[in-house]
Amino acid sequence: MGASVGRGGRRRFRDINVTPLVDVMLVLLVVFMVTAPLLTTGLKIDLPNVQAANTPVEDGRLLVTITAEGRVMFDDKDVTGHAYEEFQVNEKVQSTRELYIRADKNALYGVVAEVVAAARRSGVDSLNLLVQPDDGSEAAGKSESKK
């Protein structure tokens, strides 16, 4: 099979038959391709309620607002679909590298995730998610900084 008889009656190892190895690898590839999507769709989570301290937003802070309809507003300007470009050209974003995101609780998670990704790609180091504390006072910040 993979070896042949050489001179002197000794068996020498000449070449390896890789066909069985390739077959096994292809079977493993198919098994992992079929089972990987099943692992992520079976999880159900309930997001926790937020207990936050009061942190008033100072004037001059960069605020991104996401409405329940999915509109993204930055500095009173609608940037839906092109938030990344706006963050790139805004000098204040590039100098402070800090951004506050205020999203409606009925906003789609995907829209919020797109804004967070756009901010990260444009170089923002400190993202602050503004929430309404349980006691009903001003917006509070929950900071998430890149380490």
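Quick note: the coordinates plus some simple rules give every number you see, no bench work behind them. Note that the coordinates shown come from a computational prediction; the quantities given were computed from them, not determined experimentally. Positions of Cβ are generated from backbone atoms using ideal geometry, with glycine treated the same way; all protein chains shown enter the neighbour counts.
Computed packing ranks the peptides 32-38, 74-80 as 74-80, 32-38, most packed first, by mean other Cβ atoms within 10 Å. The phi torsions of segment 103-112, fed into the Karplus equation with coefficients 6.51, -1.76 and 1.60 and a -60° offset, translate into couplings of 10, 4, 5, 9, 5, 5, 4, x, 5, 5 Hz, rounded to whole numbers, with Gly and Pro shown as x. Per-residue 3J(HN,Hα) values for segment 116-125, derived from phi via the Karplus relation 6.51 cos²θ - 1.76 cosθ + 1.60 with θ = phi - 60°, read 4, 5, 5, 5, 4, 5, 7, x, 6, 8 Hz in sequence order (x marks Gly and Pro).
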